[in-house]
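What follows is one structure encoded as C-alpha cells, with my remarks underneath.
Read-outs throughout are calculated quantities, based only on the coordinates presented, and are distinct from any laboratory measurement. Remember, predicted model here, so these are calculated numbers, not experimental data. Here the Cβ positions follow ideal geometry from the backbone for every residue, glycine too, while neighbour counts run over all protein chains shown.
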Amino acid sequence: MKLLVVDDDLNIQRLYKEELEEEGYEVVIATTGKEALDAFAKENPDIVTLDILMPDIDGISLLRKMKEQRPDIPIIMSTAYDYRDDFAVWASEAYIVKSSDLSELKNTIKKLMTQ
C-alpha cells in the first residue's frame, strides 16, 4: 500500500512518514504542489493525504487535478485549520484536522482502504 503525503511542514512529513511506515505503508513525501503532481504521476499511490495551505499550488487545486486524473483514488484533506464549510473539500473522501496523535488519520486510511 503506497501513500503520498503532501505537506510543506517538515515536522508533519517526518511524523507521518515514521508513523505510517510503522503501520506497514510505503510513504512518498511531496513538499510542494508541483512535487505532488510529479509524484502522483510517477509513483501511482493508493491513497493521498493533502495539506490545504501550500506555498505554490493549494491543496484544493491539487485535489481537483488528482481527481481529474484518477477519480477513484481516495484523498484525505489534512489541515491545521477547519475548512469543512468550504464545499471544495467535499470532493475528498475524508477530512482530518492535523494532530500529533495520528490515530484518526490511521483509522481513516484503514477505513478507506477496505471500501
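Sparse packing (at most 15 other Cβ atoms within 10 Å of the Cβ) combined with a DSSP loop state is found for the following trypsin sites (Lys or Arg not before Pro) in region 36-85: ARG84. Taking chymotrypsin sites (Phe, Trp or Tyr not before Pro) across region 13-84, the ones in a DSSP loop with at most 15 further Cβ atoms lying within 10 angstrom of their Cβ are TYR81. With the helix formula -39500 (n - 2.57) applied to DSSP H stretches of n ≥ 4, the chain reaches a computed 222 nm mean residue ellipticity of -12500 deg cm²/dmol. Ordering VAL28, VAL5 from the fewest to the most neighbouring beta carbons within 10 Å gives VAL28, VAL5.
Across the chain, Cα-Cα pairs more than 19 Å apart make up 37 percent of the total.
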